[in-house]
Amino acid sequence: MHTKAKSLKALSVTALLSLVCLSQTVLAQGLLKDRVVQAVDPSQVTRLHGNVHPLARPEFDQGRVDASIRMRVTMTFKMTPAQQADLDGLLAAQQDRGSPEYQRWLTPEEFGGRFGLSQGDINRVTEWLTSQGLRVESVPASRNMIVFSGTAQQMESALHMEMHRYVVNGEIHFANIGEPSIPTALADIASGFRGLNNFQLKPRALKMKPRFTSAVSGNHFITPPDFATIYDVRPLYQRGFTGAGQKIAVVGQSNINLSDVQAFRSNSGLTTLSARGTCPGSNCPVQIVIVPNESDPGLVSTDIDEASLDVEWGGAIAYDATVIFIIGNPNTGNGVTDAMNYAITTSPIPAPIISTSYGDCEADFDTTSINSLKALMQQANAEGITVLGPAGDNGPADCDFSSNPNSPVTASTQGLAVDLPGALASVTSVGGTEFNEGTGIFWQSAFATDVVSSALSYIPEVAWNDTNIDLGNGMTTGLSAGGGGSSSVIPKPAWQSGTGVPNDGARDVPDISFSASSIHDAYLICSENFNSNNNTFSPTCVSGFRDSVGGNLAAVGGTSVGPPAMAGIVALINEFTNRPQGSGNINPVLYPLAARLPTSAFHDIVAGDNKVPFGPPCVASTRIGYNALPGYDLATGLGSIDAFVLVTNWTSVTPASTANAASSVDFSIIATPQLTVKRGTCGTGAVTLTRLNGFSGTPSFTCTVPPTLGPTTCAVVPAVTGALDPSGRYRELGWWEVTAVILAGIAFVLVNYRRSGSDLRLRKWPSLVPGFALVTVLAIMVGCGGSSRSSTGTNPVFSYAFAVQVPSTAPVASGLVTVNAAIGGIDHTVQITVTTQ
């Protein structure tokens, strides 16, 4: 009787708890009122701004696309201000150990019931799309987007814009030429569209050429056992933490051969360390998922190495974890973006960790794409998902990317830029270091045969920078350095603080770094050699890690390796802390942990830099980038990690706030008001930036030339071009430097005067032009060298060169050139009247 009463009581409590949970879900969904209150009239439309890709420019335009091509598009929806505030509060509470919401992750259904659209609004959008002849393919449980498909002609008709072909850097793309329009009744809920163009995110893997084996050349290569030794993962294995029961999602846009995965694991000794099955097979440690409604892209020659790297190294560190490889088709959809979307919006989520080694620079995203990506990653964090992305492989000049290894970019023309999605506050950005063995003995020697596990201990590191190294046979590495810098659109989160973190109001990257050089201690993978003559693939691992052609190795580098490797570390964190449902955004723990254990949990990188050549039009070339410094820096972040110390101390710190950092920092800019330039020449002016209230941010400049000036182009030399002192921090010009510039200009002008009686008269007006030009050049040169002085109690002023290049084909005209400076979402704009003659 007593036992029965206890059972009934327990049953009642369980039922009550279930009822409470159910009522919370129903209540949340019930609070979602219909926001579409008007009839959806397709004849009454409103234009949605921010949906044109920045590279869909007139000079690349090749005309209308074939009207029959098929397109797969995603319409995204925005939250109300109240919903966004609620989500921000939830994300903060989920990281607060004192909150009842701590580590209580949402399911996609719960997320939709709280932050998505009402079912009524979803129905109205669906009805409008189908009325336009478009096919609705899916609505995720989160109810914040709709995926639909149709022909280019149907898209043009429904969205009231044209689809054109573009050729950019030799690659053919399609994109909308104007902003889309939708029924006015839907304008309040619509954020925008993804998939109106096929500019894809880019893989960051760098392949080593030529390939050698360590037994032949004496070179060292990194295998999973080496990584485990160097970054102190082995003690976790010895304690029994191997990732058992954990899942990692890897996203890509090429299929792989599972036999390559099995060869990699066998060659690395992973199959002997774990009881996993063979591939292909039901017990294979890798599961492949094709995004629904998309076809299998097969082996894609441009992405196969990235896919093999990501999957193999995604399962290399937490070797008993299961890797879920999610593949989007870049030909029938949006490739990696679709795969990422599936990994976050599918219920149940495939894995609480997502690794992506794809990205693109901020300037290559339209406003809607950035907002959509930001919202998607916030959803991931709310569901307990940790997202890891690369910092980029072009140093601080992320926009200067070349997909052609035979024609690398050797000097930046675009200037400072960071990589998305890594620069989002909800993503952990992984940068690059390079081993610096010096005279130390850190590797076991290889004589007759290769030694797979040859690392003996941690190896000292410097910031990775292999820029423009001669590889022989006319090949060069081009821009090859770890990405890093300050975002121009993402504000600084409150958790990003500590020694060395700039007071710039902007999200800074990277967060952490790992070895990334492709020519000095590269990583080994098993992939496929592509023969372009007959379009066939052959495995790179035939005899151990060697191929059948010449015993070569498939060796890779770049910041592509860091995300999947760190995904394994996160899996070990989840296992050690008994959080199989995930840890969410790990950044709020990384920074306080670095403050508590700066030299034991992290290897602080204090040598090297990620600087690269910079040669904008009309301005003398220089170098831009950042030095590795004590504490945090924009070349290596917090440094690399000691996995054992990091994992075992993960719960020893209080997570920092996930809000945006409250700050009064800001800046102002002014510019030369007018500039006259002859056709066929360059003209230079000045942009002056004043830092206020201790502001130390790095501005990202863009300038826009009006159509009246034809093919005229402009550029602004970034502040970092001449504003780095030996420590790598920004500096202002010393008083003697400013005086020297002024005196030099005056002296030059006086030389061009002649005395007539008591009057000073111009010898010849045109002779002043080189004088002013010299002053500008001297100002730039002064900024590139010399000493620095303290700015305590002052608002430092920086002068940058504004350059205009006017082709001889430009018309004789005047127009307002707009210059925009942006740091962390803070924008200031000035206009310059440019007259061509």
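The values are calculated or read from the model by the stated rules, or taken from the named source; none is laboratory data. Here the structure is a predicted model, which means the values were calculated and not measured. Here the Cβ is made from the backbone with ideal geometry for all residues, glycine too, and neighbour counts use every protein chain on show. Keep in mind that these areas ignore ligands, DNA and RNA; they rest on the heavy atoms of the full protein, side chains included. Shrake-Rupley method; radii C 1.70, N 1.55, O 1.52, S 1.80 Å.
Consider Ser538 carefully, then state whether it is at negative phi, in contact with a strand residue (DSSP E or B) (Cβ under 6 Å, 6 or more places away or on another chain) and without any contact (Cβ under 8 Å) to a residue 12 or more places away in the chain.
yes
Under 7 Å by Cβ, and 6 or more places apart or on different chains, what pairs join a residue from region 369-390 that is crowded, with 24+ Cβ neighbours inside 10 Å with one that is of a type in the set (Asp, Glu)?
Correct list of pairs: Pro390/Asp419.
Residue check: is Gly432 open to solvent by less than 10 Å² (accessible area, probe 1.4 Å), within 14 Å of the chain's Cα centre (by Cα) and within 19 Å of Thr476 (Cβ to Cβ)?
For Gly432, the condition - open to solvent by less than 10 Å² (accessible area, probe 1.4 Å), within 14 Å of the chain's Cα centre (by Cα) and within 19 Å of Thr476 (Cβ to Cβ) - is met.
Only residues in region 140-160 that are farther than 14 Å from Phe193 by Cβ count as the first member; pair them with residues that are surrounded by 20 or more Cβ atoms within 10 Å (Cβ to Cβ) and of a type in the set (Ser, Thr, Tyr), Cβ under 7 angstrom, at least 6 apart or cross-chain, and list the lot.
As it stands, the answer is Pro140/Thr345; Ala141/Thr345; Ser142/Thr345, since those pairs meet every condition given.
Does Arg596 satisfy being of a type in the set (Lys, Arg) and out of contact with any Phe, Trp or Tyr (no Cβ under 9 Å at 6 or more places or on another chain)?
Against the criterion (of a type in the set (Lys, Arg) and out of contact with any Phe, Trp or Tyr (no Cβ under 9 Å at 6 or more places or on another chain)), Arg596 qualifies.
Assigned to a strand (DSSP E or B) and among the charged types (D, E, K, R): does that describe Arg623?
Against the criterion (assigned to a strand (DSSP E or B) and among the charged types (D, E, K, R)), Arg623 qualifies.
What tally of residues in region 806-825 results from selecting those that are in contact with a Gly (Cβ under 8 Å, 6 or more places away or on another chain) and modelled with pLDDT of 90 or more?
So the answer is 7.
Considering only region 467-484, state which residues are closer than 16 Å to Ser403 by Cα and outside any loop (DSSP other than H, G, I, E, B).
Met475, Thr476, Ala481
Just to be sure before I move on: is Ser254 of a type in the set (Ser, Thr, Tyr) and loosely packed, with under 15 Cβ neighbours inside 10 Å in the structure I sent?
Answer is no for this residue.
Quick one: what pairs do we get from region 484-509, first residue on the phi > 0 side of the Ramachandran plot and in contact (Cβ under 8 Å) with a residue 24 or more places away in the chain, second in a loop (DSSP other than H, G, I, E, B) and of a type in the set (Asp, Glu), C-beta under 8 Å, 6+ apart or different chains?
Filtered contacts from region 484-509: Gly485/Asp398.
Among (1) in contact with a helix residue (DSSP H, G or I) (Cβ under 9 Å, 6 or more places away or on another chain); (2) farther than 30 Å from Ser301 by Cβ, where does Pro280 come up short?
Every condition holds for Pro280 apart from (2).
Which one of these does Arg265 not meet: (1) among the charged types (D, E, K, R); (2) within 30 Å of Asp398 (Cα to Cα); (3) part of a helix (DSSP H, G or I)?
Single failed check for Arg265: (2).
Considering only region 26-46, I want to know if a residue exists there that is part of a strand (DSSP E or B) and modelled with pLDDT of 95 or more.
Yes, region 26-46 contains a residue that is part of a strand (DSSP E or B) and modelled with pLDDT of 95 or more.
Return yes or no: is Ile324 surrounded by fewer than 24 Cβ atoms within 10 Å (Cβ to Cβ), farther than 21 Å from Phe537 by Cβ, at pLDDT 95 or above and in contact with a Pro (Cβ under 8 Å, 6 or more places away or on another chain)?
Yes; evaluated as a whole, the condition is true for this residue.
Does Asp666 qualify as being among the acidic types (Asp, Glu), open to solvent by less than 50 Å² (accessible area, probe 1.4 Å) and in contact with a Lys or Arg (Cβ under 9 Å, 6 or more places away or on another chain)?
yes
Which one of Ser426, Ser403 is more than 22 Å from Ala628 (Cα to Cα), part of a loop (DSSP other than H, G, I, E, B) and under 13 Å from the mean Cα position of the chain (by Cα)? Talk me through it step by step, then tell me what you get.
Details: Ser403 fails: under 13 Å from the mean Cα position of the chain (by Cα).
When all the criteria are applied, what remains is Ser426.
Would it be correct to say that Ser652 is over 25 Å from Gln103 (Cα atoms) and open to solvent by 40 Å² or more (accessible area, probe 1.4 Å)?
No, not satisfied.
Being buried (at least 16 other Cβ atoms within 10 Å of the Cβ) and of a type in the set (A, V, I, L, M) is the filter; apply it to region 782-805 and report the residue that is modelled with the lowest pLDDT.
Here the residue is Val782.
Specify which of the listed residues (Pro330, Pro280, Pro350) is open to solvent by 10 Å² or more (accessible area, probe 1.4 Å), out of contact with any Asp or Glu (no Cβ under 6 Å at 6 or more places or on another chain) and either modelled with pLDDT of 95 or more or hydrophobic (A, V, I, L, M, F, W, C) (or both). Can you show your working first?
Details: Pro330 fails: either modelled with pLDDT of 95 or more or hydrophobic (A, V, I, L, M, F, W, C) (or both); Pro280 fails: either modelled with pLDDT of 95 or more or hydrophobic (A, V, I, L, M, F, W, C) (or both).
Selected residue: Pro350, the only one of Pro330, Pro280, Pro350 that is open to solvent by 10 Å² or more (accessible area, probe 1.4 Å), out of contact with any Asp or Glu (no Cβ under 6 Å at 6 or more places or on another chain) and either modelled with pLDDT of 95 or more or hydrophobic (A, V, I, L, M, F, W, C) (or both).
How many of the residues in region 613-662 are of a type in the set (Ser, Thr, Tyr) and more than 24 Å from the chain's Cα centre (by Cα)?
Residues meeting the conditions: 6.
With the requirement that a residue be in contact with a Lys or Arg (Cβ under 9 Å, 6 or more places away or on another chain), among the aliphatic types (A, V, I, L, M) and over 19 Å from Thr836 (Cβ atoms), what does region 794-824 give you?
Val797
Kindly state which strands (runs of 3 or more DSSP E) lie completely within region 494-600 and contain at least 2 residues that are within 30 Å of Ala417 (Cα to Cα). Outline the logic, then answer.
Numbers: elements: 506-509, 512-515, 528-531, 536-539, 555-557.
Output list reads 506-509, 512-515, 555-557.
I'd like to check something: does region 377-388 contain any residue that is assigned to a helix (DSSP H, G or I), more than 19 Å from the chain's Cα centre (by Cα) and of a type in the set (A, V, I, L, M, F, W, C)?
The answer is yes; a qualifying residue exists.
Would you check if there is a residue in region 231-241 being under 22 Å from Asn334 (Cα atoms) and either among the aliphatic types (A, V, I, L, M) or outside any loop (DSSP other than H, G, I, E, B) (or both)?
No, the conditions are met nowhere in region 231-241.
Do we find a residue being open to solvent by 70 Å² or more (accessible area, probe 1.4 Å), at pLDDT 95 or above, closer than 29 Å to Gln200 by Cα and within 29 Å of the chain's Cα centre (by Cα) anywhere in region 77-86?
Looking through region 77-86, at least one residue is open to solvent by 70 Å² or more (accessible area, probe 1.4 Å), at pLDDT 95 or above, closer than 29 Å to Gln200 by Cα and within 29 Å of the chain's Cα centre (by Cα).
Pick out the one residue from Ala620, Ala671, Ala643 that is open to solvent by 40 Å² or more (accessible area, probe 1.4 Å) and farther than 21 Å from Arg507 by Cβ. Spell out how you get there, then give the answer.
Working: Ala671 fails: open to solvent by 40 Å² or more (accessible area, probe 1.4 Å); Ala643 fails: open to solvent by 40 Å² or more (accessible area, probe 1.4 Å).
Ala620 is the lone residue from the list that is open to solvent by 40 Å² or more (accessible area, probe 1.4 Å) and farther than 21 Å from Arg507 by Cβ.
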